[in-house]
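The values are calculated or read from the model by the stated rules, or taken from the named source; none is laboratory data. Note that the structure is predicted; figures quoted are calculated from it, not measured. Don't worry about glycine lacking a Cβ; one is built from the backbone with ideal geometry, like all the others, and counts go over all protein chains shown. Surface areas here come from the heavy atoms of the whole protein model, side chains and all, with no ligands, DNA or RNA. Shrake-Rupley method; radii C 1.70, N 1.55, O 1.52, S 1.80 Å.
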Amino acid sequence: SSSGSSSINFKKKPVIIIVVGMAGSGKTTLLHRLVCHTQSSNIRGYVLNLDPAVMTLPFGTNIDIRDTVRYKDVMKEFKLGPNGGILTSLNLFSTKFDEVISVIERRADQLDYVLVDTPGQIEIFTWSASGAIITEAFASTFPTVIAYVVDTPRSANPVTFMSNMLYACSILYKTRLPLLIVFNKVDVARHEFALEWMEDFEAFQAAVEIDTSYTASLTRSLSLVLDEFYKNIRSVGVSAVSGAGVQEFFEAVETSAQEFMEGYKVDL
Ligand code: GTP
């Protein structure tokens with residue numbers, strides 16, 4: 001690395017794309033779209049599934065937590081509910097994550113991207129020790145970016161939008177990795193409103209103030225915080241269903257990976 005800010009000489013490829021998103025944001029559909037795109041455009045992709053509880057996936061995986069950890073057995077053995085079962089399965093898998101890194105390292109020359117699917121309940125990955133261990137294992141070996149999938153039509157309300165962005169901000173703060181906000185479902189609702197709110201916080205304030213029941217001073221402070229957050233991130237609008245924006249998604253991932261290699265720092 002020429003930046004000197006990191007002592008690790010990162011190989012350029014593959015770029016790790018960790019896909020996170022609230023339940024229903026369209027993570028699985030988007031991953032399917034991304035996998036199809038890589039296959040039809042000679043991009044060499046690799047797919048890693050970290051969701052132990054998923055029944056069926058519409059795409060094939062190269063490495064799958066379900067091959068190593070039996071989620072139902074973990075629930076029985078440790079007398080856990082569904083979320084505890086997923087978390088414990090992820091903990092068990094993270095103890096052997098160096099093997100996953102080795103497998104990817106051995107194939108590094110033949111791979112452009114590793115697409116990483118995470119559990120449907122976002123906080124199981126973003127707020128767990130094993131999620132942090134896995135993220136750090138990736139980021140200490142390969143350029144790594146986080147793709148945060150947003151349900152655009154369901155974020156059209158300014159307060160919902162703000163909550164969603166605050167969550168994204170917490171992910172940036174925890175991971176300190178380049179963050180790409182993926183506004184999904186633009187076939188249903190275009191994401192221009194989001195771009196406007198991100199570029200012009202007065203436009204956002206005006207939108208919030210229509211909802212007069214809201215604590216205006218708190219909202220004002222939070223939107224100033226978010227204004228700083230927006231300077232640290234990228235965003236792209238996509239439709240997992242129609243395929244719109246997928247090209248732009250990969251371009252934004254490349255820019256983010258470049259930033260990572262140049263010694264990306266979060267300025268918060
Ligand atoms: P899990 O985390 O695995 O549960 O995935 P998810 O819940 O985040 O999303 P999933 O892919 O299951 O999508 C949720 C719903 O949104 C489904 O009904 C999808 O068909 C729909 N959906 C996903 N992407 C799009 C999109 O780009 N446009 C439209 N119109 N619908 C979408």
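Some observations on this one:
- Only one entry of Thr126, Thr141 meets the criterion of being within 15 Å of the ligand (Cβ to nearest atom), in contact with a helix residue (DSSP H, G or I) (Cβ under 7 Å, 6 or more places away or on another chain) and among the β-branched types (Val, Ile, Thr), and that entry is Thr126.
- Residue that is most open to solvent (accessible area, probe 1.4 Å) [pool: residues in the range 113-125 that are more than 21 Å from Glu254 (Cβ to Cβ), of a type outside the set (Phe, Trp, Tyr) and touching a residue at least 12 places away in the same chain (Cβ under 8 Å)]: Gln121
- Subset tally (residues that are in a loop (DSSP other than H, G, I, E, B) and either under 21 Å from Ala252 (Cβ atoms) or within 16 Å of the ligand (Cβ to nearest atom) (or both)) for the range 145-181: 5
- The residues in the range 1-23 that are at pLDDT below 95, open to solvent by less than 70 Å² (accessible area, probe 1.4 Å), under 21 Å from the mean Cα position of the chain (by Cα) and not hydrophobic (A, V, I, L, M, F, W, C) can be counted, and the count is 1.
- Looking at Ile86, Ile65, just one residue is of a type in the set (A, V, I, L, M, F, W, C), within 21 Å of the chain's Cα centre (by Cα) and over 26 Å from Asn164 (Cα atoms), and that residue is Ile65.
- Residue, modelled with the lowest pLDDT, within the range 40-71, restricted to residues that are surrounded by fewer than 12 Cβ atoms within 10 Å (Cβ to Cβ) and not hydrophobic (A, V, I, L, M, F, W, C): Asn42
Okay, residues lined up against (1) among the acidic types (Asp, Glu); (2) closer than 18 Å to Ser140 by Cα; (3) open to solvent by 20 Å² or more (accessible area, probe 1.4 Å):
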site	(1), (2), (3)
Thr38	no, no, no
Thr88	no, no, yes
Ser94	no, yes, no
Leu111	no, yes, no
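- Every condition in (1) open to solvent by 50 Å² or more (accessible area, probe 1.4 Å); (2) not in a loop (DSSP other than H, G, I, E, B) holds for Thr135 except the one numbered (1).
- Selection of first residues in the range 217-246 that are under 21 Å from Gly21 (Cα atoms) and open to solvent by 80 Å² or more (accessible area, probe 1.4 Å) and of second residues that are acidic (Asp, Glu) and modelled with pLDDT of 90 or more, restricted to Cβ pairs under 7 Å at least 6 apart or on distinct chains, gives the following pairs, ordered by first then second residue: Val241/Asp187.
- Residue check for Ala189: within 19 Å of Ala23 (Cβ to Cβ), assigned to a loop (DSSP other than H, G, I, E, B), within 16 Å of the ligand (Cβ to nearest atom) and at pLDDT 95 or above: yes
- Residue under evaluation Phe142, criteria (1) open to solvent by less than 20 Å² (accessible area, probe 1.4 Å); (2) not in a loop (DSSP other than H, G, I, E, B), criterion not met: (2)
- The residues of the range 247-268 that are surrounded by fewer than 16 Cβ atoms within 10 Å (Cβ to Cβ) and either at pLDDT below 90 or in a loop (DSSP other than H, G, I, E, B) (or both), listed by number, are Glu262, Gly263, Lys265, Val266, Asp267, Leu268.
- Taken residue by residue, the range 169-191 has at least one member that is more than 30 Å from Lys13 (Cβ to Cβ) and open to solvent by less than 40 Å² (accessible area, probe 1.4 Å).
- Evaluation of Tyr214 against the conditions (1) modelled with pLDDT under 95; (2) part of a helix (DSSP H, G or I); (3) not charged (D, E, K, R) shows that the sole unmet condition is (2).
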